[in-house]
Every structure is written in structure tokens, then in C-alpha cells.
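See structure below.
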Amino acid sequence: MVASRRFKPIEECCSEGRSEQTVAADLDGTLLISRSAFPYYLLVALEAGSVLRAVLLLLSVPFVYATYVFFSESLAISTLVYISVAGLKVRSIEMVARSVLPRFYAGDVHPESWRVFSSFGKRYIITASPRVMVEPFARAFLGADKVVGTELEVGKNGKATGFMVKPGVLVGDHKKQAVVRELGDAVPDVGMGDRETDFDFMSICKEAYLVTSRKKYSPVPRNQLLSPLILHDGRLVQRPTPLVALVTFLWMPFGFALALMRVYVNLPLPERIVYYTYKLMGIRLIVRGTPPPPPKKGHPGVLFVCNHRTVLDPIEVANYIQKTLSGQLGFECTTITRKEKYGILAGTDGRVPSMNKEKEKN
């Protein structure tokens, strides 16, 4: 990129005395280390949509990559947006943006970009990604005053159509015009970008710095951002790059079968045998911290909160509670199974009659 020679590298930007100044920065590849926004689109497709939608998005990667390289960045992003959000309720997308995406965004913040960006009094983020996906993280964790991004078209039913409000995807001159509309004559003191389609808006800033991938950086520790990550929802542990997503979806049928086997094989076994079968079946039970004390006067007990997306959490919490109860009731050294214990404690055989049968009896 010949044009990039007129911009200094971000490492040369001074971060002192910037508290009264304004900065405008791109997101992917600039404030974030990774230049690809694909993982975040896949998270939206999976968490707000379905596994089938996420698989379809993954299958589109060769087409999207070829389009990005040889034809148009705008068309490539439009394809990702359409597959990810078409037909989804905007409220669902917003929920994923608040509860799932921040963890993955926060684990990829560029240290040099953050050093500069965090030193400014007014912070603007100019991104090609849909604003609704980026804004919760940008405001809470990066302290952005305004996020200027691609706006999704929303139907009367509150669902995203998959298309964008004019002027469409914010790349190239559209980014420049967005900055002008937002700030008017008060151009940013510093502009930050990482690719050629950022040069238009960077050129109108008083100073402009380029974030390159020549140097390898480790992400900023999450505790150095403006907000702590307290609660995280979602199905995935790793950031779903195309390779990680491919391995995950290929493993899913085997993992589902293995999960069923692990649950139903261990369910009828006595408590003292379960922990040995865990090891044989590759289950590692890790308990962090100190188990809470039993309830007593003035201390009613502990409320366990489980992630509803993770099946194993409530199972293990139930096992812990059952173990405590069975110890108090004298079941610990018997050969009675856990299923039978639940039935005895509930006063039934472990089955709950349906509402329809109850109505028929009455």
C-alpha cells in the first residue's frame, strides 16, 4: 500500500496531553488486533440465530474472502451481514451484543491503539461493522462517546431485513462522510486506521496514524479496560475463527453423542463410583474456591446461578446439592443410586406427571 507511507505508525503517536482532544478510530485491525470481523458475525448468527445459520455463514467464507480480495470489501461485508442477521429480531441481536460479544472483543484489544485511544477526552469509533453489534462493548469497555457504524435496515415487525440503511456499509469515502456528518467542521485531532479503506477519513484528521501487522502484540489484559467482565453468556469458549468454527461444527455430532453417554451412564451409578467413571470417560471435575458452608441461623445458604446455555453446569450443581443432602440423610454409604435418591427426596419415583393427565384425573 503505497498511500500508507504518508501515515506514521501508531507506535510514534504521543499519548500525553490529549485529554481535551478528539480521536476517531477504526475497530477491526485498529483497536482490535484481528483484522477480520468474521468471528463476531458467526457469534451473532449462532447465538441470536441457530446452528444452521452459523454453518451457512461458515460455508460462505471462501466466497466472502474472494470477494474481499478481488472485488469489493463492501460486498463482502454485506454478504456477512445478510447471512448473519436477515430475519432476526433486532432485540435478539442487541442481547447478544451485550452478553456474548464483549468477552471476545475484550480479549483482542490492541495495546498500542488502546494506549493512544484511551488518552483522549472525546473518543469516536468509525466502523464498517453494524453499530448495534459494536456499541455496547465500545461504550462500556473502551469509553467511546459515539459509535458510527453501518446501520441495519429494520422491518415493521422489528426484524432485520439483512440490508443496510443508506449509504450502506461504511468503507472508503462513506467513512469520511460519516465523520464529517458527525463532527462537522471540528475534525478529529487524531485518526487511526489499518487499511486502505480507512485512508479517506484519516486524511481529514489533523494527525493520522496507521496500525500495521508487522509487529506481533499480545492483547491488553481485560482488567486494564474500563469495565470488568462480570457475566458472560454464550455457547463457545474460543473466538470462532473460520478454522475453529470448522473444527467445532465437525466435532458437534460426536460431542453430542459423548455428552449423552456421559450423563446417562453416570446417572444410575452410586455416588462413590461416579468419580471413577468420570475419569474413565475423560471428564475433569474442577472445583475452584472453597465450598460454601451449610446453612445455619443468620446464614440461610447460598444461591447457585447456572448458565442456561451450558447443560453441564446445572448437572454438577445438582450433584453437589444431592451429595450434601444425601450426606445429611445418611445415604452416602449406601448402594442406592442417585436417581433413586432424587425420587426418595421428592417423595415420588422421580417422574413428574404432565398437566394433561392431572386435568383428566380431576
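The values are calculated or read from the model by the stated rules, or taken from the named source; none is laboratory data. Predicted, not measured: the structure shown is a model, and the values here were computed from it. Reconstructed Cβ throughout: ideal geometry from the backbone, glycine too, with neighbour counts over all protein chains shown.
Provide a single number: the residues in the range 130-148 that are buried (at least 22 other Cβ atoms within 10 Å of the Cβ) and not hydrophobic (A, V, I, L, M, F, W, C).
Qualifying residue count for the region: 1.
Are there strands (runs of 3 or more DSSP E) fully within the range 155-268 with at least 1 residues that are under 30 Å from G282 (Cα atoms) and aliphatic (A, V, I, L, M)? List them.
Working: elements: 160-164, 190-193, 207-210.
Of the strands (runs of 3 or more DSSP E) lying wholly inside the range 155-268, none has at least 1 residues that are under 30 Å from G282 (Cα atoms) and aliphatic (A, V, I, L, M).
Condition check: modelled with pLDDT under 90 and surrounded by 16 or more Cβ atoms within 10 Å (Cβ to Cβ). Does G172 satisfy that?
On the way: modelled with pLDDT under 90: yes; surrounded by 16 or more Cβ atoms within 10 Å (Cβ to Cβ): yes.
Considered against the rule, which asks whether it is modelled with pLDDT under 90 and surrounded by 16 or more Cβ atoms within 10 Å (Cβ to Cβ), G172 comes out as yes.
Just give me the residues in the range 72-87 being surrounded by 17 or more Cβ atoms within 10 Å (Cβ to Cβ), without any contact (Cβ under 8 Å) to a residue 40 or more places away in the chain and among the small types (G, A, S), in sequence order.
Residue satisfying the conditions is A76 alone.
Just to confirm my filter: which helices (runs of 4 or more DSSP H) fall fully inside the range 30-136 and include at least 3 residues that are assigned by TED's automatic domain parsing to the domain that holds T197 and over 30 Å from E12 (Cα atoms)? Spell out the reasoning first.
Details: elements: 38-44, 51-59, 61-70, 73-85, 90-99, 101-106, 111-117.
Answer list for the range 30-136: 38-44, 51-59, 61-70, 73-85, 90-99.
If I filter the range 14-24 for residues that are in contact with a Ser or Thr (Cβ under 6 Å, 6 or more places away or on another chain), touching a residue at least 60 places away in the same chain (Cβ under 8 Å) and not acidic (D, E), do I get at least one hit? Even if it seems obvious, please write down each step before you answer.
First, pick out the residues of the range 14-24 that are in contact with a Ser or Thr (Cβ under 6 Å, 6 or more places away or on another chain): 15, 18.
After this cut, where a residue has to be touching a residue at least 60 places away in the same chain (Cβ under 8 Å) as well, the list is 15, 18.
Of the ones still in play, those that are also not acidic (D, E) are 15, 18.
Within the range 14-24, one or more residues are in contact with a Ser or Thr (Cβ under 6 Å, 6 or more places away or on another chain), touching a residue at least 60 places away in the same chain (Cβ under 8 Å) and not acidic (D, E).
Which condition breaks for K8 when tested against (1) farther than 27 Å from S218 by Cβ; (2) among the basic types (K, R); (3) more than 20 Å from the chain's Cα centre (by Cα)?
(1)
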